[in-house]
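Values in this text are rule-based calculations from the coordinates and carry no lab data. Model, not experiment: these values are computed from the prediction. Note: ideal-geometry Cβ built from the backbone for every residue, glycine included; neighbour counts use all protein chains shown.
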Amino acid sequence: MDIEKEEIPIEVRSYIVGQDALGYTQVEIVDLVAHEFGLIVTQSAISKIISKYKTYGTVTDLPRRGRSQKLSKEQELKIVKAVKKDRTLNATQVSKD
C-alpha cells in the first residue's frame with residue numbers, strides 16, 4: 001500500500017522551531033500547531049523537524065540523494081497502457097503517441 005505523506009509547509013516548520021526555542025514541549029507544540037494552522041502533525045514529525053534544524057540550521061528541504069525521475073507517474077502509466085494495448089511497439093513508436 002502506497003500512502004502519500006503531506007508535506008508540512010515551511011512556515012509551519014519555522015513556527016515549530018520557534019515554539020521549541022520558547023521552551024514548549026513537543027506534545028504541547030502538537031496542540032499549538034493544530035490550533036494555529038489546523039494541521040495534524042505528529043510528535044515524531046515535530047521531533048524530526050527540530051532535530052533537522054539543530055543539525056543543519058534550516059527547516060527548508062535538503063537536496064535529495066540519487067537521480068531524479070525523468071517521467072511523472074502519469075507518463076509512466078500512459079506508456080504502460082500503450083504497450084499493453086500493442087506489445088509490438090518499440091520505444092520510438094511509444095514516444096510518438
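The figures follow:
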item	result
Residue in segment 38-46 that is among the hydrophobic types (A, V, I, L, M, F, W, C), within 20 Å of E7 (Cβ to Cβ) and in a helix (DSSP H, G or I) present	yes
Members of segment 75-93 found to be of a type in the set (V, I, T) and either surrounded by 10 or more Cβ atoms within 10 Å (Cβ to Cβ) or under 34 Å from the mean Cα position of the chain (by Cα) (or both), listed by number	I79, V80, V83, T92
Whichever residue in segment 2-25 is of a type in the set (A, V, I, L, M) and closer than 19 Å to G57 by Cα and, among such residues, is surrounded by the most Cβ atoms within 10 Å (Cβ to Cβ)	I16
Scope segment 45-97; condition more than 30 Å from E28 (Cβ to Cβ) and among the β-branched types (V, I, T); matching residues	I79, V80, V83, T88, T92, V94
Meets criteria (closer than 17 Å to K5 by Cβ and in a loop (DSSP other than H, G, I, E, B)) for V33	no
When residues of segment 47-59 are limited to those that are surrounded by 10 or more Cβ atoms within 10 Å (Cβ to Cβ) and assigned to a loop (DSSP other than H, G, I, E, B), the one farthest from the chain's Cα centre (by Cα)	T58
Scan of segment 60-95 for residues that are part of a loop (DSSP other than H, G, I, E, B) and hydrophobic (A, V, I, L, M, F, W, C), ordered by number	L62, L71, L89
For E28: the one exception among (1) of a type in the set (D, E); (2) surrounded by fewer than 12 Cβ atoms within 10 Å (Cβ to Cβ); (3) over 18 Å from the mean Cα position of the chain (by Cα)	(2)
